[in-house]
1. Please figure out what share of the DSSP beta bridges in region 114-213 is antiparallel and state it in percent, rounded to the nearest 5.
2. What shape does region 49-192 have by the C-alpha gyration tensor, where a ≥ b ≥ c are the square roots of the eigenvalues, rounded means a/c under 1.5, and otherwise prolate means a/b greater than b/c and oblate the rest?
3. Tell me the angle of helix 233-245 to the major Cα principal axis of the chain, expressed in degrees between 0 and 90 and rounded to the nearest ten.
4. Report the far tail of the P(r) of region 263-385, meaning the percent of Cα-Cα pairs longer than 19 Å.
5. Using R₀ = 41 Å, calculate the FRET efficiency as 1/(1 + (r/R₀)^6) where r is the Cβ-Cβ separation of residue 362 and residue 402; round to 0.05.
6. Where both partners of a DSSP beta bridge lie in the chain, what percent of those bridges are antiparallel, to the nearest 5?
7. By count of other Cβ within 10 Å, fewest leading, how are 159, 333 ordered?
8. So between residue 337 and residue 36, what do we pick up on full extension, going 0.36 nm a residue minus the alpha carbon distance?
Ligand code: EPU
């Protein structure tokens, strides 16, 4: 298993590039199941979750040709409308194939995801929504079996809780359903809008993506399309924190500044200097002297839960007490204990972490427990005195493309060792 060895204390300086969004690439890849025509996707990030989704699509019947960040996928026939446990257990987003498979093939068999390091993460809301469109759903032997022999029909579906992949799953089912579907209390994440943009190019009729109410007029069939994935706002946000925590001067390129407004507001309140250099460039500077600022995670446009761990690393270096409230997932504080091993003063109380700073961090052996927790440990290590060894970095490879190379290019001392 790979590890990162990081020597901290170097301010990061220079330009660092953002890649395509993992959480956009995954639903967009699943959407290729909705047509027999080829779909060409650009700026596909080379991360493990994306490779897992590609494997799943090929198992289902896709032909996939990759050329760097460009991927051409064609699902001429759905050979096997199934997502096996072996894949779903490594990537919960596999459940994104459920909606498109039922819509295109009239049936799907998808393994139920098991527990997850950050919380229970059930898919009950996806299932209830598909049932409202007329799918019949059964659960046997750890699998969800969904059928719609007469096809799906539009309905008004109100999500009782905002769910990102649930909204995406339902949107993909509804585009081929008969009549109109209205999704209420829909997720407003930019990744939902990006998926809607691709579906629109394929011929779907969708209005309101990016708002809480999405209206979809079902169409008979969808065609091929070309689409470029949006920038990864979580990767960009991680780099902004990297610039601020190391007291550096970092320009994050290829990003969409408005997708990071909630983080930028907090960074500025904490005393970092963040400026928008252009529509795709953000510069962050800090000379230390950060102040503690509370954060409460929320659905978009609120502060992303996927940046909570990274922000916690930053708050260990801020003067005062910061209360970090995690409102989306019930168990997303695994990084706190690892940061404590590096010298951070963090107390956990239910869904709140109370971070008392500033504490000098010192290098230690730590273990990455999930994707964003791993990123936060890298950030903590970048500012810690001495050497930190981060174990199980396969978690970080699920969602960050060559993060060690990108960070090293702006001055970090970080090495991957086997
Ligand atoms: N929920 C249910 N039932 C459902 C679906 C969700 O109770 O059927 C609950 C979840 O347990 C959670 C809350 O609703 O407490 C919100 O979960 P959501 O469904 O929005 O999360 P997700 O769609 O499974 C996506 C991202 C996550 C990100 C969350 C929240 C993808 C592929 N994944 O997950 O990304 O944290 O939205 O923004 O888009 C990551 O990239 O590290 C990551 C975990």
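Read-outs: derived from the displayed coordinates by stated rules, not from any lab. It should be emphasised that the depicted structure is a prediction, and the values quoted were computed from it without experimental measurement. Counting neighbours? That spans all protein chains shown, and the Cβs are built from the backbone with ideal geometry, glycine included.
1. Once the DSSP bridges in region 114-213 are tallied, antiparallel ones form about 60 percent.
2. rounded
3. It is inclined by approximately 0 degrees.
4. Of the Cα pairs, 45 percent sit more than 19 Å apart.
5. In this case the efficiency is close to 0.90.
6. Details: 59 of 83 bridges.
So the antiparallel bridges in the chain amount to around 70 percent.
7. Details: 159 19, 333 23.
In increasing order of surrounding Cβ atoms, one gets 159, 333.
8. Numbers: separation 301, 0.36 × 301 = 108.36 nm, distance 4.86 nm.
Working it through step by step, the gained length comes to 103.5 nm.
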